């Protein structure tokens with residue numbers, strides 16, 4: 001049953017990452033600019049057709065579920081046999097059937113080994129007039145022709161639909177080809193709107209396209225503000241896992257992804273933390289090599305391969321002769337365009353342009369890559385920052401790689417070094433933010449709208465309410481903790497109280513216990529206090545804050561909710577900045593906080609409890625009891 005649940009969750013995860021977002025009221029307070037906004041969407045957002053005209057052509061992208069159902073019914077017996085074989089670990093039969101069907105379904109999208117399209121495909125429209133929101137709303141009932149619909153609805157509250165334009169491109173082609181199309185589209189928008197500049201709002205693949213455009217064409221000065229959210233600038237880890245048939249699905253990460261996407265206030269992820277989707281791994285790892293001839297020569301997928309893994313994938317999957325053209329194009333992206341981005345983007349900023357990146361951190365890639373990410377794109381690829389491996393942090397006393405004029409560029413959890421980022425002063429990192437969820441986190445939602453529509457925030461130091469490093473405030477995280485008197489994620493002698501905010505939209509929360517790993521601090525919890533959504537409470541603490549710096553103190557807050565899963569917890573790391581730097585001979589340290597229960601059990605018991613899915617629950621109960629026993633003894 002758990003395996004079936006996780007297959008369904010995997011599907012929901014994929015859907016949610018494509019931009020399904022909840023509506024939210026606008027809260028940008030500054031006067032918006034009058035520049036039009038060009039939306040540069042996530043991957044595969046373009047409607048492609050095959051034929052002489054749009055009216056008579058065949059739509060070749062976008063699932064026709066009636067057709068899919070017909071094909072499933074036509075091969076139901078074979079699928080049944082395949083599912084039976086899969087139950088015994090044999091994925092060959094069912095993947096043969098699925099691969100055959102996908103080859104038919106995606107045939108018109110197939111590219112030749114050299115990266116050229118096997119068929120002559122066209123987009124619906126490529127000019128500004130026919131891609132204008134107001135025109136599309138007036139002439140087309142189907143919203144599929146508009147990009148990032150929910151986000152554009154909020155943008156329209158400030159500048160109107162008539163000032164919003166929807167970029168599209170042949171997403172199969174490489175980033176440079178798409179950037180060339182974006183340059184042409186911006187010229188069309190300028191002509192149609194009568195404005196000399198545009199603002200760019202980019203998501204995921206759109207971030208890679210936008211960064212490439214700014215690198216190649218930023219000198220033209222056609223852009224005022226460019227905001228790239230969860231951008232795939234340097235690639236997407238999930239593409240490498242797929243290309244190399246190296247899926248090892250992380251079940252807990254999948255569940256957290258879904259929780260964030262649906263803004264679920266119940267906490268299910270700890271229930272499945274130890275389970276793995278072995279049969280799904282087998283299925284997908286067997287399937288992808290069979291569908292590689294259909295989609296494996298899309299240039300965009302090769303530009304998605306992170307630079308440090310590109311040569312390995314290329315040697316494994318491409319023939320140097322028949323794919324020479326594709327290799328040449330992708331080599332240019334990886335070895336010429338991508339390395340020049342920091343310099344070119346800095347030049348754009350120096351010329352007066354505002355360029356911003358909002359990135360998610362603190363998650364493993366859902367398909368198994370053991371790197372810090374937003375669940376789809378590694379934080380390094382998204383931002384250029386140096387990251388500790390997932391589950392690790394930089395060792396105590398870590399010194400950031402670049403000085404950045406003395407500015408602290410190491411995250412509170414000591415997992416991210418932003419000094420090496422493409423834009424060290426213009427990149428925001430949100431711990432716990434998943435891919436495609438920027439609009440579902442109130443902090444990042446307001447930040448991105450302000451960056452896009454105004455000139456109020458020009459870098460990470462413009463507004464203390466929008467620090468460079470922040471823990472996600474998505475409702476699925478339930479609470480957010482910070483020390484009053486200190487910057488976000490920092491702990492020093494200036495700390496006064498622990499401020500806990502209920503970030504839920506609907507649920508009330510009671511704080512049951514607070515524990516600290518890394519400092520001997522005791523928190524004065526009052527469980528009678530009920531926090532309504534959005535409410536805060538300040539919790540006093542006693543003890544000594546260590547007079548050291550550059551090490552992490554983990555604070556875990558246990559809470560109760562009026563939901564199906566009545567208890568939960570959240571751990572946040574706070575970097576000590578309170579004296580001389582701690583020294584360490586190691587490169588990395590474990591990032592996971594030690595719980596009181598961990599000190600009672602050995603490795604064997606730990607492994608058994610994790611395999612049964614009981615470790616998290618028992619640990620939570622023990623911590624809460626342990627806290628209150630200590631309080632009673634103190635009394």
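Considered as a group, the residues in segment 15-42 that are in contact with a strand residue (DSSP E or B) (Cβ under 9 Å, 6 or more places away or on another chain), modelled with pLDDT of 50 or more and in a loop (DSSP other than H, G, I, E, B) include one that is surrounded by the fewest Cβ atoms within 10 Å (Cβ to Cβ), and that residue is 33. None of 447, 512, 453, 433 is in contact with a helix residue (DSSP H, G or I) (Cβ under 6 Å, 6 or more places away or on another chain) and under 17 Å from residue 227 (Cα atoms) except 453. Evaluated against (1) surrounded by 23 or more Cβ atoms within 10 Å (Cβ to Cβ); (2) under 15 Å from the mean Cα position of the chain (by Cα); (3) over 25 Å from residue 337 (Cα atoms), residue 364 falls short on exactly one condition, (1). Considering every residue within segment 91-112, establish whether at least one is modelled with pLDDT of 85 or more, farther than 20 Å from residue 301 by Cβ, in the same structural domain as residue 164 (by TED's automatic domain parsing) and surrounded by 16 or more Cβ atoms within 10 Å (Cβ to Cβ). No, that holds for no residue.
Considering segment 519-570, the qualifying strands (runs of 3 or more DSSP E), each wholly inside and each with 2 or more residues that are more than 15 Å from residue 477 (Cβ to Cβ) and within 27 Å of the chain's Cα centre (by Cα), run over 548-561. Quick one: which residue in 178, 169 is touching a helix residue (DSSP H, G or I) at 6+ places or on another chain (Cβ under 6 Å) and part of a loop (DSSP other than H, G, I, E, B)? Sole residue among the options that is touching a helix residue (DSSP H, G or I) at 6+ places or on another chain (Cβ under 6 Å) and part of a loop (DSSP other than H, G, I, E, B): 169. Out of all the residues in segment 229-242, is one or more surrounded by fewer than 24 Cβ atoms within 10 Å (Cβ to Cβ) and over 21 Å from the mean Cα position of the chain (by Cα)? No; the residues of segment 229-242 include none that is surrounded by fewer than 24 Cβ atoms within 10 Å (Cβ to Cβ) and over 21 Å from the mean Cα position of the chain (by Cα).
Is there a residue in segment 606-618 that is touching a strand residue (DSSP E or B) at 6+ places or on another chain (Cβ under 6 Å), within 30 Å of residue 410 (Cβ to Cβ) and crowded, with 16+ Cβ neighbours inside 10 Å? Within segment 606-618, none of the residues are touching a strand residue (DSSP E or B) at 6+ places or on another chain (Cβ under 6 Å), within 30 Å of residue 410 (Cβ to Cβ) and crowded, with 16+ Cβ neighbours inside 10 Å.
The requirement of being touching a residue at least 40 places away in the same chain (Cβ under 8 Å), in contact with a strand residue (DSSP E or B) (Cβ under 6 Å, 6 or more places away or on another chain) and surrounded by fewer than 21 Cβ atoms within 10 Å (Cβ to Cβ) is not satisfied by residue 341.
Per-residue answers, yes or no, for (1) surrounded by 17 or more Cβ atoms within 10 Å (Cβ to Cβ); (2) farther than 16 Å from residue 413 by Cβ:
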position	(1), (2)
532	no, yes
541	yes, yes
545	yes, yes
562	no, yes
582	no, no
585	no, yes
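Can you name every residue in segment 295-320 that is under 16 Å from residue 234 (Cα atoms) and not in a helix (DSSP H, G or I)? Listed by number, the residues that qualify are 304, 305, 306. Residues that are assigned to a helix (DSSP H, G or I), in contact (Cβ under 8 Å) with a residue 12 or more places away in the chain and farther than 30 Å from residue 331 by Cβ within segment 105-136 comprise 105, 129, 131, 133, 134, 136, listed in sequence order.
The values are calculated or read from the model by the stated rules, or taken from the named source; none is laboratory data. What you see is a predicted model; the values in this text were computed from it and never measured. Glycine gets a Cβ as well: all are built from the backbone with ideal geometry, and neighbour counts include every protein chain shown.
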